[in-house]
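Data first, discussion second: the structure below is written as structure tokens.
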Amino acid sequence: MSIPILIVGAAGRMGSTVARLVGDAGDLRLAAVMDRPGVDLSRVGYDCLTGENIEELLPQCPKAVVVDFTSPEASLAVAGCAARHGNPMVIGTTGFSPEQRKRLEEYARVSPLFWSPNMSVGVNVLLKVLPELTRLLGDAYDIDIVELHHNRKKDAPSGTALRLAECVAEAKDWTLAETGCYHREGIIGERPKKEIGVQAVRGGDIVGVHTVYFMGPGERIELTHQAHSRENFAQGALRAARWMAGAKPGKLYAMHDVL
Ligand code: NAD
């Protein structure tokens, strides 16, 4: 039996990639696609329900796993609806505020909910080894993160860069709220020891590059992840969707639960 998928943001860069991959997968099927009112969904071109209102669409897809790559406001509204109807949901959207993340956690107690700012296996393995590297290198190494993305990306720094920075902060027993530095300009003085720099570069059609720099006395380590295409993220979202089809509510799931 194939798993029905409802895609929100289906006309977007990520949503259309996910829709194409669902069409190619034998164990999944497109139940419905939706986007904002007035957005042309015909270029997605699949034979399924289409719509622009989740409240109308979701009751027609009772078992569907919702896959959403949109905006924080849109994803939250869809997550609220999915929680009321009990549909599992996979969110790839980035840029949630701390308050919005709390609301996602509340919805996750009611129905199965997954959120990951980066669905790639490589980034999630990097997140796994980063705490150990941070602890092994110790206080003599300054850590900064630089990310590069295409010129149409709306949020900065990227959700992945923030997750990497959080991961470093946790390994050091710091909080990112106290130690994150997102801007350096003018006579700023010496770099504080207790600081994690996070810088964003925007331009062209770069899918996504993240580098973590460990800068120590007389040497430097650079860990770089380069995404070559959006398919990598879309495949990760579908891997999460397959797993979420059988998941129970209780916690906000992340990629490490799935891997
Ligand atoms: P995009 O602008 O190409 O697509 C977003 C789509 O969402 C658009 O078609 C837009 O019309 C639609 N949308 C917006 N509001 C909506 C609403 N209220 N209802 C229905 N549809 C709505 O953007 P994108 O490059 O596809 O990225 C989308 C999000 O996914 C961003 O937050 C981005 O940072 C994130 N992203 C995450 C990953 C990951 O691995 N988690 C990878 C790439 C991008």
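The values are calculated or read from the model by the stated rules, or taken from the named source; none is laboratory data. Please read these numbers as outputs of a predicted model, since none were measured by experiment. All Cβ positions, glycine included, derive from the backbone under ideal geometry; neighbour counts span all protein chains shown. SASA here: full protein model, heavy atoms, side chains in, ligands and nucleic acids out. Shrake-Rupley method; radii C 1.70, N 1.55, O 1.52, S 1.80 Å.
So which residues in region 1-52 are in a strand (DSSP E or B), within 11 Å of the ligand (Cβ to nearest atom) and crowded, with 21+ Cβ neighbours inside 10 Å? Result: Ile7, Val8, Val33, Met34. For first residues located in region 215-234 and among the basic types (Lys, Arg), partners that are open to solvent by 70 Å² or more (accessible area, probe 1.4 Å) and lie 6+ apart or on another chain with Cβ distances below 9 Å form the pairs Arg230/Arg13.
Within region 85-125, the residues that satisfy the criterion of being in a helix (DSSP H, G or I), open to solvent by less than 40 Å² (accessible area, probe 1.4 Å) and away from the ligand (no atom under 13 Å from the Cβ) are Leu104, Ala108. Return the residue satisfying two criteria in turn: it lies in region 222-242 and is in a strand (DSSP E or B) and open to solvent by less than 60 Å² (accessible area, probe 1.4 Å), and of such residues it is nearest to the ligand (Cβ to nearest atom). Here the residue is His225.
Would you call Pro131 of a type outside the set (S, T, N, Q) and either in contact with a Phe, Trp or Tyr (Cβ under 9 Å, 6 or more places away or on another chain) or in a loop (DSSP other than H, G, I, E, B) (or both)? Against the criterion (of a type outside the set (S, T, N, Q) and either in contact with a Phe, Trp or Tyr (Cβ under 9 Å, 6 or more places away or on another chain) or in a loop (DSSP other than H, G, I, E, B) (or both)), Pro131 does not qualify. Looking across region 200-221, just one residue is part of a loop (DSSP other than H, G, I, E, B), under 24 Å from Val121 (Cα atoms) and among the small types (Gly, Ala, Ser), and that is Gly208. Applying the condition of being within 20 Å of the chain's Cα centre (by Cα) and open to solvent by 20 Å² or more (accessible area, probe 1.4 Å) to region 158-177 and asking which residue is nearest to Leu136 (Cα to Cα) yields Glu170. Quick one: in region 134-147, which of the residues that are open to solvent by less than 50 Å² (accessible area, probe 1.4 Å) and either part of a strand (DSSP E or B) or in contact with a Pro (Cβ under 8 Å, 6 or more places away or on another chain) (or both) is nearest to the ligand (Cβ to nearest atom)? Restricting to residues being open to solvent by less than 50 Å² (accessible area, probe 1.4 Å) and either part of a strand (DSSP E or B) or in contact with a Pro (Cβ under 8 Å, 6 or more places away or on another chain) (or both), the top hit is Glu147. Condition first: surrounded by fewer than 19 Cβ atoms within 10 Å (Cβ to Cβ) and within 14 Å of the ligand (Cβ to nearest atom). Can you find one or more residues in region 178-188 that meet it? No, region 178-188 has no match at all. Out of curiosity, is Gly197 open to solvent by less than 60 Å² (accessible area, probe 1.4 Å) and in a strand (DSSP E or B)? Yes.
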